[in-house]
Amino acid sequence: MKNLNHQHDLKRQVEMYFDQALDQKSQDEFLQKVNTDPTYQQAFEHEQSVRNKIKEHIYRPVNSNQLIKAIKNQIRKD
């Protein structure tokens, strides 16, 4: 059970780091663990890989100037 709690805590820390939810001191402490603990390093690299794959495969349409103008005009009418 203790190992499960440690894994959950590790996953939470990694996610918080990538979500930029840690203060500077916590970030520094976390990165120190990543640099010295293979378990942390593996979790960090896995999360980084997953997030990079998501970014690569998400289609983000580019908003054209015409679309922006149409939205502004619609807002002004209301």
Among chymotrypsin sites (Phe, Trp or Tyr not before Pro) in the chain, those in a DSSP loop whose Cβ has at most 13 other Cβ atoms within 10 Å are Y59
Return the lysines within reach of K11: Cα separation strictly under 19 angstrom, same-chain partners fewer than 8 residues apart disregarded; answer none if there are no such residues. K2, K25, K33, K53
Using Cβ counts within 10 Å as a stand-in for footprinting exposure, how do L10, L4 rank, fewest first? L4, L10
Inter-site label distance for K2 and T39 at 7 Å from Cα along Cβ, in nm: 1.1 nm
Could you size up the charge dipole of the chain around its Cα centre, putting +1 on the beta carbon of Lys and Arg and -1 on that of Asp and Glu, and report it in debye to the nearest 20? 660 debye
Evaluate the distance, in nm, between pseudo-label points positioned 7 Å from the Cα of I54 and of Q20 along their respective Cα→Cβ axes. 1.5 nm
Lys/Arg Cβ at +1, Asp/Glu Cβ at -1, dipole of the chain taken about the Cα centre: which of S49, Q74, M16 is farthest positive-ward? Q74
So if I restrict to the alpha-carbon atoms in the chain, what is the Rg, and what is Dmax, the biggest pairwise distance, in Å? 20.1, 60
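All of the numbers you see were taken from the coordinates with simple rules; none came from a lab. None of these values were measured; they are calculated from a predicted model. Don't worry about glycine lacking a Cβ; one is built from the backbone with ideal geometry, like all the others, and counts go over all protein chains shown.
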